[in-house]
Amino acid sequence: MKRTSIVLILYMIIIMGTNAQVSLSPFAGFSNPLGSFAQDTSFAGRGLDLGLGLSYVSKKWGIGLDLGQFSNPFNQKLSSFKDQLNIASVLTSSNDNWSTIYGAIGPIIKFGGEKFHVEVSPKMGLSKTQLPEFNLSYDSELLSKSLNILSSDADKDVSNILSSFGIKLQYSLTDRFGINLQANLLSNALFNDNKLKYTYKELTDFDGDGILSESEIIESPNFEKEICQKLNVINTGIGLSYSFGGGDKKAVIEEKVECENTILASPYNGEKFNIGAERRPAFSWTNKSTEVKSYRINIYKNNEIVFSERTKKQNLNIIVN
């Protein structure tokens with residue numbers, strides 16, 4: 001499988017040829033949890049996303065590589081949960097975020113022109129996620145010890161296969177520099193998940209007075225539950241890009257405007273004429289490039305323009321009122 005993927009990538013690079021451009025694009029933005037990852041079991045909140053994109057793109061398509069890191073803090077939601085319990089609990093944690101580093105590679109499909117274009121890119125890769133570890137406890141005076149209210153237990157780092165789907169809006173400031181807005185959906189839900197083991201007390205108000213007494217906290221049953229937490233985020237941000245390669249753009253521009261000398265059509269070729277006379281000349285010309293959309297004809301007398309007209313054709317009959 002790896003050999004097939006490498007051969008496919010090399011084949012794509014070869015057939016794109018020397019006109020393809022290499023672009024480097026650092027980006028930064030926000031990471032927003034989605035689906036089950038945004039629910040209370042993960043306590044994941046909005047975090048930051050940083051990374052670097054590398055792409056090799058021809059006129060319409062190419063390949064891209066993304067390297068990045070995003071984090072989703074859990075302490076804010078966990079602190080809100082702690083406050084809702086309305087008991088004198090203590091929160092401790094060994095880290096403050098779900099933290100994921102990743103690399104993903106895949107094809108790029110490009111729509112638009114040189115000044116503004118849109119890139120769509122599905123990718124696959126690998127990720128390593130640091131899972132949250134925390135403990136919410138209650139200091140019992142009756143038992144003279146701390147009671148576990150809620151705690152997590154998980155492997156410190158978990159590696160997963162990651163899938164992503166991204167859209168980038170790119171605006172070129174110059175031939176080499178550009179600015180872009182992008183959105184990327186990243187998920188490990190298709191291939192793997194992160195296993196979290198929660199140990200918690202199911203706090204019960206036995207007498208129904210709306211207040212949890214210390215004895216009720218002590219008597220509340222303890223449970224363990226393992227959750228397969230899938231990681232789903234949408235990362236949005238802004239980036240800059242620098243492009244190089246893609247052949248000699250100046251040479252291409254010069255070729256586009258290269259015209260042959262204008263020749264007068266028979267029977268006036270090489271003859272003098274009077275622009276106001278009845279025998280008015282008919283001009284015709286040829287052009288090697290199909291990119292030229294229109295032409296302007298100027299006739300001078302003593303360095304002063306006496307006739308000027310624009311046409312989309314490659315011939316012109318001069319008519320003077």
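Every read-out reported here was derived from the displayed coordinates using simple, explicitly stated rules and does not represent laboratory data. Note that the structure is a prediction, hence the values are computed from the model and not measured. Heads up, the Cβs are rebuilt from the backbone with ideal geometry, glycines too, and the neighbour counts pull from every protein chain shown.
Distance cut-off 22 Å, Cα to Cα: go down the list Lys156/Lys225; Lys77/Lys195; Lys115/Lys312; Lys60/Lys168; Lys77/Lys168; Lys145/Lys195 and report the pairs above it.
On the way: Lys156/Lys225 18 Å; Lys77/Lys195 20 Å; Lys115/Lys312 25 Å; Lys60/Lys168 14 Å; Lys77/Lys168 31 Å; Lys145/Lys195 29 Å.
Over 22 Å Cα-Cα: Lys115/Lys312; Lys77/Lys168; Lys145/Lys195.
Going by average Cβ density within 10 Å per residue, which order do the peptides 210-223, 62-75 take, highest to lowest?
Going from most to least packed, we get 62-75, 210-223.
Work the Kirkwood hydrodynamic radius out for region 19-68: mean of 1/r over every pair of different alpha-carbon atoms, inverted, in Å.
Final number for the Kirkwood radius of region 19-68 is 13.1 Å.
Between Leu173 and Phe81, what FRET efficiency comes out of the Förster formula 1/(1 + (r/R0)^6) with R0 = 41 Å and r the beta carbon distance, rounded to 0.05?
Calculated value: 0.35.
Determine, from the Cβ-Cβ distance of Ala183 and Lys156 and an R0 of 35 Å, the FRET efficiency 1/(1 + (r/R0)^6), rounded to the nearest 0.05.
Computed FRET efficiency for Ala183 and Lys156: 0.70.
Using θ = phi - 60° and the Karplus curve 6.51 cos²θ - 1.76 cosθ + 1.60, what whole-Hz ³J(HN,Hα) does each residue of region 210-216 get, with Gly and Pro shown as x?
x, 10, 8, 7, 5, 5, 5
Tell me, in nm to one decimal, what length is gained between Leu48 and Asn298 on full extension, where the rule is 0.36 nm per residue of separation less the Cα-Cα distance? Before the final figure, lay out each step's value.
Details: separation 250, 0.36 × 250 = 90.00 nm, distance 5.99 nm.
That works out to 84.0 nm of additional length.
Along its principal axes, what span do the Cα atoms of region 30-176 show, with the longest given first and each in whole Å?
74, 26, 24
Going through region 49-157, which trypsin sites (Lys or Arg not before Pro) have at most 11 other Cβ atoms within 10 Å and a DSSP loop state?
Of the trypsin sites (Lys or Arg not before Pro), the ones in loops of region 49-157 whose Cβ has at most 11 other Cβ atoms within 10 Å are Lys115, Lys156.
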